[in-house]
Structures are given as C-alpha cells and as structure tokens.
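J.: Got a structure here, written out as structure tokens. Questions coming.
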There are 2 protein chains.
Amino acid sequence: MNYIHYIHFMCHIILNNIYIYIYIYIQFGLVPEDYIEINQAQPFTSGGNAAPLDLSFFDSHMPTPASTAQVSHRDNGNDPWTVFDNNASGGFSNNWAAQPEGTETGKTSSNAWHSGGHGHPQAYQGPGAEDDEWDEEWDDVKSSGGYAESEAGEGGAINRGGAHGSSMKIALNNGEVGPVWAYPDYQLDCVVADPKKGSKLYGLKSYIEYQVTPTTTNKPVNHRYKHFDWLYERLLEKFGSAIPIPCLPDKQVAGRFEDEFIKMRMERLQGWMTRMCRHPVISSSEVFQLFLSYKDEKDWKMGKRKAEKDETVGVMVFSTIEPEGLPDLDLIEVEQKCEQFNRFTRAMDDGVKDLLTIGNEHWKRCTGPLPKEYQRIGKAFQNLSSVFTSSGYEGEAALTDALTAAGKTYEEIAQMVAEQPKKDLHFLMETNNEYKGLLGCFPDTVGVHKAAIEKVKEADKLVAAGKITPSDKTTMSKRASTMSYSLQAEMNHFHSNRIYDYNRVMQQYLEQQVKFYEMIAEKLRHAHSRFTTM
Amino acid sequence: MNYIHYIHFMCHIILNNIYIYIYIYIQFGLVPEDYIEINQAQPFTSGGNAAPLDLSFFDSHMPTPASTAQVSHRDNGNDPWTVFDNNASGGFSNNWAAQPEGTETGKTSSNAWHSGGHGHPQAYQGPGAEDDEWDEEWDDVKSSGGYAESEAGEGGAINRGGAHGSSMKIALNNGEVGPVWAYPDYQLDCVVADPKKGSKLYGLKSYIEYQVTPTTTNKPVNHRYKHFDWLYERLLEKFGSAIPIPCLPDKQVAGRFEDEFIKMRMERLQGWMTRMCRHPVISSSEVFQLFLSYKDEKDWKMGKRKAEKDETVGVMVFSTIEPEGLPDLDLIEVEQKCEQFNRFTRAMDDGVKDLLTIGNEHWKRCTGPLPKEYQRIGKAFQNLSSVFTSSGYEGEAALTDALTAAGKTYEEIAQMVAEQPKKDLHFLMETNNEYKGLLGCFPDTVGVHKAAIEKVKEADKLVAAGKITPSDKTTMSKRASTMSYSLQAEMNHFHSNRIYDYNRVMQQYLEQQVKFYEMIAEKLRHAHSRFTTM
C-alpha cells in the first residue's frame, strides 16, 4: 500500500510557567508500523489554524493526487456524504477532523498510533516520558492481545457496516440565539471519585482505577486513565469535525501514584467528564453511554469493539445531523459569523492565557514570600513579647500576652495566606486551564467549516467548467449549510457554557476571597481586643 | 589653656535599610575654635557601652593627669557634688554625661560645638551634609550676633552663678514598682502644627516655622527646627547623665522644603515633644517651660541666655535629686538591676531593629509588587470582560458587567494595599524608630551609673590606703545611692511609657488592619453579588 499519512501533534510543555508549543508532523508511509519519523518541528503561531486543512471530502470532482489512486474504496461509497469522505483517506490528511477510520489503511494507521505513542494534542510530555507512561498504561492491551491489534485480523467490512448502521440522528433546533443542539430535558452528569490502586500480572504492574457514577443510573463503573483516553480518541474521531473535544488532563510520568497527583487527575477527569456530559450530542452518543453504564466486562469489551468499528466518523458525522425546519444559510453571513467566532476564540485564548500567567505569579507570591513575611511579622511580635517579659517590670503581663497573641495571629494569617490559593485561585486556574484546552481545539474545527465554505464559493466556476452539475452544486450548498448550522450550534453551546462557567467560577472565587478576608479581619479584631491603654 | 577634650558622636546613616553605625571621636585642643579634627572612625559594636567612661567626678582623691593641672576651678567648688564634677573638665571626658559647662573652658568648647557642627548622637548626616544644613540653620545666629558667640564675651562667672541658683529640686518617690519620679497631677502635652515658610535677609534665606501649643496655656509659640535642636542640646547637657534624651528627627539637606518632608519632620517633632512633655523632670524644667511658653521675643532671648549659663549640668544634676524617705541602696542589688536593665535594653534594641527591618520589607512589598499584582488581576478580569462583550452572543451583559466590576474592585484593592502602610505600618515603624533612638541613649546613661558603683566598690581599698576618709566613703555611697535611685526611677518611667506606647501602637495598627481587611471583604462581597448562575 502506497499511502502517505500525516498526523500533527500540537504539544505543550509546561516548564515553570513558560508554555512551549511544539508542532510535530509525523509521516506514516511504507515503513514498519511502529516506526515514526519526525519530519519537522516548528514553533506554533498561536491561535491560528495555520495547519493545512484537508479539503478532499469536497473534491470528488477534482483530479485526485496520484498517491490516492490505490486507496481502497469504502463499501458504502454510494452514501452522498462518503463521496466526499472517500478521498479523505488518500489526501493530505493533516487535519484530524477528516481522519479516516474503518478501512484497512485507516485501521493500520490507528494501530501505528497506539504502538507508536499517538497522543492527543497538548498531552505530549517529551518522547522519552511518553513512551514510558504509554507502555505502562497500555501494556495490558498488548499482553492480553486486547482490542487494538486483535481487531485488525478478526474485524472486517461486514462488522463495520453494522457499526455504521447504528449511528443515531442528531437533532438541530432553531433557538433564540440561532441554531442550537437539541438539549435533553434531564441534564446528564457523573461523579468521578474513589481512586483505587489496582494491580495485575501478580502485582508486577499497578494502576489507578476511578469510580465513575452517572447521575442517571447511580450505578458506578470503574475506569482507568487509559479508558478515559480511549473514550477521548473515539469522541475525537467521531465528533472532532463538528465539536471541539477538549484534551484529557496531561499524562504524567513522575509521581503517578502520589496522592496529590491522583487527586488532581481525578479532579480534572471529573471536569472533563462533566463537560462531556453537558454536551447533548456527546452525552447521548452510544460510545459515551457505553463508557458511563456498561453492564459488565463482556458488555464493555463488546461495546469497545463496536465503537472502534464505527464508520460514522470524521466529516461523516455531518451526515447524521438534521437541521430540522432550518432554511439554507446565506454563505456571506455564515462566513462573517465564522470569522467573528474565530476572532473571539483567539482573543479569549489570549485573555485566558494572560489570566493564567498572572494567576500563576500570584499563586507563587501567596504561597512563597507573602506568608513568609507574615510569619516574620508574627515572630517579631512574639520576640518583642518575650523581650518585654524579661524586663522584670511588674504588671506588663497583659501587654506581653496580647503581643504574643498578635504574633500568633500573624502566623495563623501566614498559614491562611499560603493555603488560600488552593481554596480559590485553584478553581479559577482550573477553569481557565480547561478553557485554554478547549479554545485550542477551535481553530481546527472552525477551519473545517471555513474550507467547506470556500469550496462552495468555487462551485460556480466548477459548474461553468462543466466539472460538476448544478445539482451537485446544490447538494454541496446544502451540506455546507448543515455544517454551518452545526458550527453555530456548537458556538452557541460554547457561549452558554462559558457564561455559566465564568459566572460560577467567579462566584466561587469571590466567595472564598470574601471568607478569607473576613476571617483575617475577625482574627485581627480578636488580637486587637487584647490591647489596652486604660 | 592646655586642655584636651573628647566628644564622641554615635551616628547612624540609613541607606536602603542597612544601618551603618559610625563612632566619631573628635578631639578639641589648642586649635582654632571652628577647627575640628576627626581623629578616628570605627565601627560601632552594637548595644554595648564600649566607649570609655569618664569617672573623673569620682576621682577627687585620685592623682590627676598632668594635663588637668592647668584647668580652672569652678567658683562653687565647695559644693560636695562639684568636687567630683570639677575634674570632669580636665579628665578624659569621653562621656557626655559628665560634659563640663559653665567654666571658661567649658564655654569655649561649647562654642566650638556650635560653630564646628556638634550634633547629638544619631543625627549625623555626613560631614558635607551637616555643614551645609547647619550653616543655613544657624546663620541668623551668626549674622545677628546671637547667643552663641556674643555670650562668651558678655557673660561671666557672676551670671553663671545666678543660673545655677535657679535650679529646682527633683523629687524621687517610692512607688509600687520601686523608686519613681514625682509625676504631676496634670499631664503636660503640646501640639506641633501648622508649619509655615518664613524668610529673612529680605528673602535670601528661608526656613520653616512650626507652631507649638502647650495644653496648659493653649497659647501657641513659634519655633524653627534649630530651636528644637537648641532645646535638645540644653536637655542633653543638663539631664543627659540621669535621663536618656532621645535625638531629634534627623536633619535633612535635600528636599528640606518639600511638603512630604515637612509633614514627616513635624510629626516626628510632635512625637519628640510629647515624649519630653511626658517626662516629669524634663517637662517641669525651666528651659523646657521657656521653650513652650515664652511671652515674647525678649523673654525668649533672656531665657535662652540664662539656660546657656546654667551650671547644674552633667552629673551636677544628681545634686538636685532628692530621694525622699528612701534608704541607701544595697550595691549588689543595684548592680543586678542595672545589669538586668542593660540586658533588657540591648534585647529590646535588637527586637525593635528586627521589627523595623521586617516592617521595611513589608512596606516595600505592600507598596510595590503586591498592588501591581492586584492591578494585573483586575486588568485581566476587565480584559476578559471586554473579550466576552465581543462574542456577539446575546444575553451576557450581566456577566460582562459583573466581570468589569470585579476587575475594578481588584484595582481598588490594589490602591488600598498600596496606601495601607501609611495608615498602619507607618505608626508601628515610627514608634519603633523612636524607641530605637531612645534605646541607643541607654548604654551611656547606664554606663555612668555602673562606673559610679565600681568606684564605690573600690572605696574600701581607698580608705585602707588612706586616700579617702571613711566619711568620704559614706558620702560617695550616698551619692551613688541617689544616682541609682534616679536610674531606677528612669527605668520605671521607661517601662511604664513603653507599656503604654506599645499597647497604643498595637491597638492603632490592628484597628487599621481590621478596617483594611473588612473593607476588602466588603468590596469583594459586593463584586460577588453581581455574578449569577441562575
């Protein structure tokens, strides 16, 4: 098979608050499956969708590159959506949004990811680190001959057809603010809790298992980090073209079993799951429901296999979206909305990063020099008190007691100051960090839509040149319109969530800040009352 | 006249919180009056009374150095106290406590101080700076032929005798805590206010005049800084052996007429005057009363002359102290008390300096990086708010308004933080700074007494050697006892004031701190109320 396949990783490494963005292009070709050649690494120009986009799903009538000639065709090639999608696997699939899955080639490349360490954007920890972690996280898959490799032999075109048939229709309504997803009456949520250390291979390998309890069934299921990661990969493949799927919390090599890390990871997995639950399209998807409420091990394994064979992935997801009762969109208006949203997400990305930088500095000051200073003030008062005690002068016990108490109060304040960021700044930082990740997904999602619009704009020329029929053009317009509706629904989903999230996080932050300052005032009031000039 | 006279200055220079102590010994000899030879400058070993003490006033029966042979004797040499005091002017008077005044030689050296720039300890600003300031501060004296030089010609033995005769008796009572000064029923105080720029020599020279209003008469008098300094010199000469006279606020050359400096100097002059008013011995002295309530220019000038001719200065002040109904003291006990007090003042000096260092650092943080950080947090919130406003999404005005308000709140907090030290830390620093000055005077005062005790302890040997009579020994003991009583009264005065001052300053500090934190909490509570997740 002579195919070329690019994957780009957008990675960030956090080193003492300096964010380093690295784009790594990986080329797969006629090379051993587990061989990865890093083609180039170049600095990331922030906020842009600089990566070339795969437009091949609109190119059914255009000449295809020589390299695509040998690509196997999907068995459901008659579906009007897959006409566009077909070439995706042969084109320059730099964009994950059009990532082919479900073909021999796609499956092979998928395996290559697993064995070679494919990660989601922004989770890269450096080549050595990732290998280390990844091996351990996934080694049970290898040893047990799990879903990843065994599937390739066992599965086939027949099974995949079944997977495709199971995809549901996604409703798109017309809301007050424009197109909106159809929201369920009952908001799904779940609780990630109770991390437990498990082991396998007779204790040779250990891992952390989290208990995930959906509010619908209230029946807990257990999942390891790698299961979350598997879910993330499925959601990214299936919905990534239409819905930005935020990355999972970073993998971490050192101290993976330390309580602090486990707590932090659990909290972030909770945040990620809550965000997924809140999304009506994702939360109602089969794969997500499987993850949240599989009945037993067998059910889970069967479900996993089915999900991995799902063919309604990449741009194919748009074929399942039904903008009911919505007229075709005006392209100029769509373009403007797209551009506005693009500008907005970039500006918000800057704003969020700014806040994170400042928050980090403030965190350092609050946990470092500031409490040290309060402690020194406290010690100075107490020291003066003990000097006074040594005066030999009668009747200054009231003063020395008061001074000691004041000194201790400042030591308590020092401790409060040092512990406060965990109580308030933490959530502000976590929320903004989550949004940073989410905003990082938008350039690609928006890019898919912008490219589709460009193609439709070219359609007139193509008709004139006799390359496509006027009927083809109408079909393209309708499809672009559906894509635009779904983007707008996603924008609106993002905005309403953002408004809720920022209201909530600011409430939390300020509430804790108020408590903090009130408690300091209260402590000082008490310290004050002990002095007397009567 | 072949006399040698040493004066030592203990100077401190504050350079970015690094305190540099310099001891300068100045030797006066057969040289022009305004010539000062700086003999040596050596680092100060903190807290000790390392400077050699003048014990000559106890040495009437000891062989005197050759250089003292030509010293003129006082006309009131029959007074039992001046027998001891007499030799002071001829001995190695390194200690100001035994500073001779009222003789030809003393007067000459006094003039040399004025013209040559004699300063009180800790007010030294470097040779150049002092000359500069001093010339201007005192030039009207020179031009008008004021009290300093004209007196030397006009005055004489007759006038001085009169001045001595006017000195009052100082009562020493037995209080609950031991010997105490006789405190008046009505506590004198005064208000230093209303600094006004005046000028003389047809506007060529300008100066600042402060209005001083005693609470007794409520009739204001005007004084320039140099008048305060004149008063300080008189008090130091007269009471310095028995009572530590704290230095005046430092002279300053640059920005002498700047509002900030004038305000600070006025505040410190107020603090100094209040401390002097609170001391029963000082506040009831003729020179202090003159300063506070002279009737007119003529009264002031006459009073000044009289005060300058006062002979009851140096150790002679002890001759006016009457420990009524108090038995002679046990020397061992006195020594122990002395040692305890010495240890105490050193420890307190360390504690106070420590607090000042920490306070200075805290001040810098509160006025520098901390408010900058709050400002940046405020700006980040406001920035996010304006990004949100650009979303084009309907119905987020409530959030953006709330975010802007929260941002502004943090900017207000930034300003509050930056301004707070002036409201609380300032008084804590000023009080401790005052105490630092006061504590710096104690080693010398205590030293005078320790030396006297040593002499009395040697008295037995002197009697055995036939150098003094047993009656002389008894007299010495009685005198040492009086000195010890006065030191104890002074200790008790210091302790009771200290207890009051630290209670008051801690009350002030904590009260302002409470207000500060309460106001922040209140502001944040308001900011919090604007967010909503309904």
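The values are calculated or read from the model by the stated rules, or taken from the named source; none is laboratory data. Here the structure is a predicted model, which means the values were calculated and not measured. Counting neighbours? That spans all protein chains shown, and the Cβs are built from the backbone with ideal geometry, glycine included.
J.: Out of segment B:276-306, which residues are under 14 Å from B:Asp189 (Cβ atoms) and outside any helix (DSSP H, G or I)?
T.: Listed by number, the residues that qualify are B:His279, B:Ser284.
J.: State yes or no: is B:Glu518 surrounded by fewer than 21 Cβ atoms within 10 Å (Cβ to Cβ), within 14 Å of another protein chain (Cβ to nearest Cβ) and of a type in the set (D, E, K, R)?
T.: Yes: the conditions hold for B:Glu518.
J.: Would you confirm, using the coordinates I've provided, whether A:Met491 is part of a helix (DSSP H, G or I), within 13 Å of another protein chain (Cβ to nearest Cβ) and more than 21 Å from A:Ile321 (Cα to Cα)?
T.: no
J.: Is there a residue in segment B:434-450 that is more than 9 Å from chain A (Cβ to nearest Cβ), in contact with a strand residue (DSSP E or B) (Cβ under 8 Å, 6 or more places away or on another chain) and at pLDDT 90 or above?
T.: yes
J.: Just for segment B:494-515: of the residues that are under 26 Å from the mean Cα position of the chain (by Cα), at the interface with chain A (Cβ under 7 Å from one of its Cβ atoms) and polar (S, T, N, Q), which one is farthest from B:Gln420 (Cα to Cα)?
T.: B:Asn503
J.: Now for a different question. So is A:Lys473 in a helix (DSSP H, G or I), over 26 Å from A:Glu434 (Cβ atoms) and within 14 Å of chain B (Cβ to nearest Cβ) or not?
T.: When the stated conditions are applied, A:Lys473 does not pass them.
J.: Restricting attention to segment A:521-530, which residues are of a type outside the set (D, E, K, R) and more than 7 Å from every other protein chain (Cβ to nearest Cβ)?
T.: Those that are of a type outside the set (D, E, K, R) and more than 7 Å from every other protein chain (Cβ to nearest Cβ): A:His526, A:Ser529.
J.: From the set of residues in segment B:476-488 that are out of contact with any strand residue (DSSP E or B) (no Cβ under 7 Å at 6 or more places or on another chain) and of a type outside the set (D, E, K, R), which is farthest from the other protein chains (Cβ to nearest Cβ)?
T.: Checked segment B:476-488; the qualifying residue farthest from the other protein chains (Cβ to nearest Cβ) is B:Met476.
J.: Something else now. Let me spell it out: the conditions are (1) surrounded by 15 or more Cβ atoms within 10 Å (Cβ to Cβ); (2) within 11 Å of another protein chain (Cβ to nearest Cβ); (3) outside any helix (DSSP H, G or I), and A:Thr533 meets all of them except one. Which number is the exception?
T.: (1)
J.: I would also like to ask the following. Out of the residues in segment A:184-241 meeting the condition of being in contact with a Cys (Cβ under 9 Å, 6 or more places away or on another chain) and among the β-branched types (Val, Ile, Thr), tell me which one is modelled with the lowest pLDDT.
T.: Per the stated criteria, the residue is A:Thr216.
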